[in-house]
Structure formats: structure tokens, C-alpha cells
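Below is one structure, written out as C-alpha cells; comments come after it.
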């Protein structure tokens, strides 16, 4: 859609006689614009970046995971402590409705082997292009390079643009400004200071779906950086997940780590220490592993013995040598116990800006059941800027759309 930069954005006639401004052209903002335009509002969208949906497009580079196909009760459980606030909206516009909405845009979807739902073309760009065309057809206007800087004394929204400052007003204001990660894509989190100065409680950002730093030896980094650790369970506190992760130069990352990251992060924030336990052979019992390791190994190295008896690959074996004391390596019973419960001490989460998403943001108590700011009627906060989190798997995007 064209980019207009008026000194004072014009208000177009609306079927219902009302106007709405949406600040932020990510999934939450675009969906709000679509629904408001469908309800007869004259909608103007303001986006600080030169184009819409930049984080959305980046998320879809390796395949846009738009939602998940699991049963709805399981799906809703993924939202943890925020379930009660999100559930009414997810029941109205959940996975089935999202797939129908995609089909309405001419984008067919399919369920992958993991239950995750993807567009048939995999990428996000065809869906975004179709979506923007629909918004244009609904009469929505979008202004790029309009960076929101707050409200002035006249209660007008103020935008910094290449051509100077612009102000705007509307009957309804939607704030959909994203979280605090991936700043280069537009979600820099600077809005938090604006809202706090307006008396709105915002909880500090925390990384979500993030990697963690571990002080690996140079030997392990040289040998295993970039290598996956597959068929493993990870346990932190009362949470256990099964999957795989990757050893990085700085620590660990990947889907199984992201799935347990909130628990591990909060443990680290509360105690200053984060401990993850790995089961490197989750399909074997401790008794079976012990009996296998007790077999004479003859001239085999311990690495070969682990491979032949337990099927452990070179990466898992390297982790064992990295973490387990030498005296334990020579005791089959103790070694089996540790392989089934291998401790990894994390140093800290990776930096906030690297996180796939963020927790923190506008506190729930500031919002009514429709995400309207209680102390600022007519202004709504949507998407990742609200203090909720969910694992990867389509849950983040689903809730932003809902």
C-alpha cells in the first residue's frame, strides 16, 4: 500500500462514523485493523519501520509456524498463568479459525509431523502480501516511518517522521508495539517508558524462548559447537520436556531449551543459579543402562563402549566427558545414574535482544477483559507488549492474532 506522510493525517468518513488508529503493523496490530475496519471504523495504521510485519517475516524464513493442531484444552494449557486472560479470545479465534482465516486470504495450510501448522508455501511473505491487500480493500491507510513517541498535552498521539513531527487523534487507539527483542526489526520496547510516565504499570522485560550461557571448555566448543543433541529429556524443577537442542559456542539453544526456558530463567532470577538435568538415554531405564555399562569393555575406549552399549553419539559422549568427574566415569553404576541425570549449570540467559520473544510488559491489572487500559479508556494494548508468554510452536502468533 502507498506510504502517505501528511502533516495532519486526514480522517476519512466511516460507515459507523468512528475512527481508529493502530500503532504497530505486526500481526496483532494488523488483525486489530482488519476487525475494526470490518466493523465500520475508518482505520489508520502507523508503523515506525519502512514496511509492515518485519518480525513476522523473519519468523517465517524457515517456515511460518502459524498455529498448532493439538486439542484445544492442551493448546490452552500452553499459556500458563495467563491462560485465564487469553482463553476467552483464543476460544473465539483459535487454531481452527486461524486456518480458516488463512484460507480466506488464499493461503492454504497443512499440519506437520509435530502437529504444528504451516502455510503450504511455508513462507510468511505471501500471507502478508494478501493480508495487506485485504486491508487496503477495507479502506485502511498505513503510514510507514511514523515512530510513536507518546502523547502531547492535547492528548494527541505524536509521531516522529522523516518530514518532522506529526500528530493524530482517533476515537479508538490500538497500541500493538511488540516486546523487547529483535530491535532491528522494530520491537525496541521503548514504549514502556512512555506508558510508565503515563502512570501505567509495566513489568520489566524478561527473555522468553531463549538460549542460555554455559562456561564450556575450549575443547568442547571446538568439538561440538553447532552440533545437535537429539532424543533427550530436559528437566528443570517440576518441568520435563523431551526433544533436542544445540550446543553453541556460548551455551545451549534450540526447541527443547526454549520449551523449558521460562522455568529455567525464573529459577535463575530467583536464586542466581540455574540447573538443568539431562537424560541422555530416555528410552532406557536406569537398571538397563547400568547393566549395559557393566559389561566388560575389553580394549574399547570408554567412548566406544558408550556408543556400543547405550547408542550414545559423539556429541552426547563429549558432554559426558565435559561434565562428569573422572572417578564417576570408571564406576558403571554411578556413570549410568549420571547419564540419566546429567547436570548442566547455566551461567545466565542469553541477551534479551536475542530472545525469540519476551515476557514482561503492560501488567494485566492495567487492562480490562478486552485489553483496554482501565485508566485510559479508548486505548488498548495488544500482542507481545502485554505481560504474557508462551512456548514456540505457533502459540505466540496465535495469541497475537486472537
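The values are calculated or read from the model by the stated rules, or taken from the named source; none is laboratory data. Quick caveat: nothing in here was measured; it's all calculated off a predicted structure. All Cβ positions, glycine included, derive from the backbone under ideal geometry; neighbour counts span all protein chains shown.
Below are the figures for this structure:
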item: Condition met for residue 152 (closer than 20 Å to residue 371 by Cα and out of contact with any helix residue (DSSP H, G or I) (no Cβ under 7 Å at 6 or more places or on another chain)); result: no
item: The stretch 40-98: number of residues that are modelled with pLDDT under 95, loosely packed, with under 15 Cβ neighbours inside 10 Å and over 16 Å from residue 399 (Cβ atoms); result: 3
item: Cross-chain or 6+ apart pairs with Cβ under 7 Å, the stretch 248-267 first and more than 9 Å from residue 210 (Cα to Cα), then in a helix (DSSP H, G or I); result: 249/221
item: From 319, 344, 329, 312, residue being within 30 Å of residue 292 (Cα to Cα) and modelled with pLDDT under 95; result: 329
item: Verdict on residue 35 being assigned to a helix (DSSP H, G or I), at pLDDT 95 or above, under 22 Å from the mean Cα position of the chain (by Cα) and surrounded by fewer than 22 Cβ atoms within 10 Å (Cβ to Cβ); result: no
item: Per-region count, the stretch 102-132, residues under 28 Å from residue 189 (Cα atoms) and touching a residue at least 60 places away in the same chain (Cβ under 8 Å); result: 7
item: Of all residues making up the stretch 90-108, the number that are in a loop (DSSP other than H, G, I, E, B) and out of contact with any strand residue (DSSP E or B) (no Cβ under 6 Å at 6 or more places or on another chain); result: 5
item: Test: residue in the stretch 308-320 that is more than 30 Å from residue 90 (Cα to Cα) and in contact with a strand residue (DSSP E or B) (Cβ under 6 Å, 6 or more places away or on another chain); result: yes
item: Helices (runs of 4 or more DSSP H) wholly inside the stretch 272-375 containing at least 2 residues that are within 30 Å of residue 249 (Cβ to Cβ) and touching a helix residue (DSSP H, G or I) at 6+ places or on another chain (Cβ under 7 Å); result: 302-310, 314-323, 326-329, 332-339
item: Yes/no for residue 293 being in contact (Cβ under 8 Å) with a residue 12 or more places away in the chain, under 28 Å from residue 232 (Cα atoms) and touching a strand residue (DSSP E or B) at 6+ places or on another chain (Cβ under 9 Å); result: no
item: Any hit, the stretch 168-187, residues being surrounded by 16 or more Cβ atoms within 10 Å (Cβ to Cβ), more than 24 Å from the chain's Cα centre (by Cα) and either on the phi > 0 side of the Ramachandran plot or not assigned by TED's automatic domain parsing to the domain that holds residue 365 (or both); result: no
